[in-house]
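One structure below.
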Amino acid sequence: MASTTAPSGTATVRRKPAGPPAPGKSPARLTRTPTWAWALPPVLVLALGFLYPLALVVRQSFTPESLEDGGASLTPYTEVFASTAFREALTTTVWLAAGATVGCLVLGFVLALVIAFVPFPGGKAVARFIDVFLSFPSFLITLALLFIYGSVGMANGAWTGVTGAAEGPFHFLTTPWGVLLAEITYFTPFVMRPLLAAFSQLETAQLEVASSLGAGPVRIVRQVILPEALPALAAGGSLVLVLCLNEFGIVLFTGAKGVTTLPMLVYSKAILESDYPAACVVAVVNIVLSVGLYSLYRVVSRRAGA
């Protein structure tokens, strides 16, 4: 008990210390918003902005125009899979994506080696420019190539000016090889960026020890640098493969005749032919391929620590 000393002539008052609250009474609590309430807005935005339109695309792919009641059928899939246009578009998409990925891996590895291990004036500025390059739209690179290698581009203009010929020899930009060149040019920095990050963590002592033991540059790259760069190469290559699979702007702006990829086939079926069920079928196939490759990219990135 606590006591207080009162002035002379007054009684001493003793006070009991404050005890625990009476049973059935709890201290006041701050009102807290439930966790599900914070998750609800982004889930609604995702559902209305992405999942609902995606569900409509999938539903339309099972609804042929011949069924007026809107019933489901596999007819659009069987018709699209049996068409030559779809098989050619799928083949073109796969080989362009695979070829561009291989080209980006080789070119990106060589350029990243030069920037990281060969000192030259402006090396740091070039490394920073790689980050800026990633923000460029794909059609901008295609337009730049058209200015250089187009039918009336700088290369053909220089050729006709020197030789007096009626036209220049550079017409490859409107072929599949032109699309491949444009994709390699645009997507190579997507491989270089993780490689430069991996090279920055490589201990230079390993290179110095290998060099002191008599290893040449090629052997150092093969036995010291390449093993350290494999995770970054795998992550960058997986990302480039996904991006090339869905690339639309480069194929459209090059004007390559006879080059029809899956995204171009979706555009052709939906806009030019108004065949929406077929366009949705091709879109669903493209989505399945993209999700599968993106899952592979996430697994590789996780293992690479990217």
Taking helices (runs of 4 or more DSSP H) that do not extend beyond the stretch 34-147, which have at least 1 residues that are under 30 Å from Thr254 (Cα atoms)?
52-61, 75-82, 84-117, 123-133
Odd one out for Leu289, checked against (1) open to solvent by less than 60 Å² (accessible area, probe 1.4 Å); (2) within 17 Å of the chain's Cα centre (by Cα):
(1)
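Rundown of residues vs (1) over 23 Å from the mean Cα position of the chain (by Cα); (2) at pLDDT below 85; (3) under 27 Å from Leu180 (Cβ atoms), yes/no style:
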{"residue": "Ala197", "(1), (2), (3)": "no, no, yes"}
{"residue": "Ser200", "(1), (2), (3)": "no, yes, no"}
{"residue": "Leu207", "(1), (2), (3)": "yes, yes, no"}
{"residue": "Ser212", "(1), (2), (3)": "yes, yes, no"}
{"residue": "Val218", "(1), (2), (3)": "yes, yes, no"}
{"residue": "Glu228", "(1), (2), (3)": "no, yes, no"}
{"residue": "Leu241", "(1), (2), (3)": "no, no, yes"}
{"residue": "Cys244", "(1), (2), (3)": "no, no, yes"}
{"residue": "Ile250", "(1), (2), (3)": "no, no, yes"}
Asn246 passes all but one of the listed conditions (1) crowded, with 16+ Cβ neighbours inside 10 Å; (2) free of Cβ contacts under 8 Å to residues at least 24 places away in the same chain; (3) among the polar types (S, T, N, Q); the exception is number (2)
Checked the stretch 166-195 for anything among the hydroxyl-bearing types (Ser, Thr, Tyr) and modelled with pLDDT under 90; matches are Thr174, Thr175
Given the conditions (1) touching a residue at least 12 places away in the same chain (Cβ under 8 Å); (2) among the β-branched types (Val, Ile, Thr); (3) under 28 Å from Arg59 (Cα atoms), which single one is not true for Ile271?
(1)
Assuming Ser138 fulfils every condition listed in (1) free of Cβ contacts under 8 Å to residues at least 60 places away in the same chain; (2) of a type in the set (Gly, Ala, Ser); (3) within 22 Å of Leu173 (Cα to Cα) apart from one, which condition is it?
(1)
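Of all the residues that make up the stretch 118-148, how many are hydrophobic (A, V, I, L, M, F, W, C) and open to solvent by 70 Å² or more (accessible area, probe 1.4 Å)? Outline the logic, then answer.
Applying the first criterion (hydrophobic (A, V, I, L, M, F, W, C)) to the stretch 118-148 yields 118, 120, 125-127, 129-130, 132-134, 136, 139-141, 143-148.
So of that shortlist, the ones also open to solvent by 70 Å² or more (accessible area, probe 1.4 Å) come out as 118, 120, 129, 132, 139-140, 147.
Of the residues in that region, 7 qualify.
Would you call Thr160 open to solvent by less than 50 Å² (accessible area, probe 1.4 Å), of a type outside the set (Gly, Ala, Ser), out of contact with any Ser or Thr (no Cβ under 8 Å at 6 or more places or on another chain) and in contact (Cβ under 8 Å) with a residue 12 or more places away in the chain? Walk me through it before giving the result.
Details: open to solvent by less than 50 Å² (accessible area, probe 1.4 Å): yes; of a type outside the set (Gly, Ala, Ser): yes; out of contact with any Ser or Thr (no Cβ under 8 Å at 6 or more places or on another chain): yes; in contact (Cβ under 8 Å) with a residue 12 or more places away in the chain: no.
No, not satisfied.
The values are calculated or read from the model by the stated rules, or taken from the named source; none is laboratory data. Keep in mind that what you see is a predicted model, and the values were worked out from it rather than measured. For neighbour counting, all protein chains shown are included, and Cβ atoms are generated from backbone atoms with ideal geometry for every residue, glycine included. What goes into the accessible areas is simple: the full protein's heavy atoms, side chains included, and nothing from ligands, DNA or RNA. Shrake-Rupley method; radii C 1.70, N 1.55, O 1.52, S 1.80 Å.
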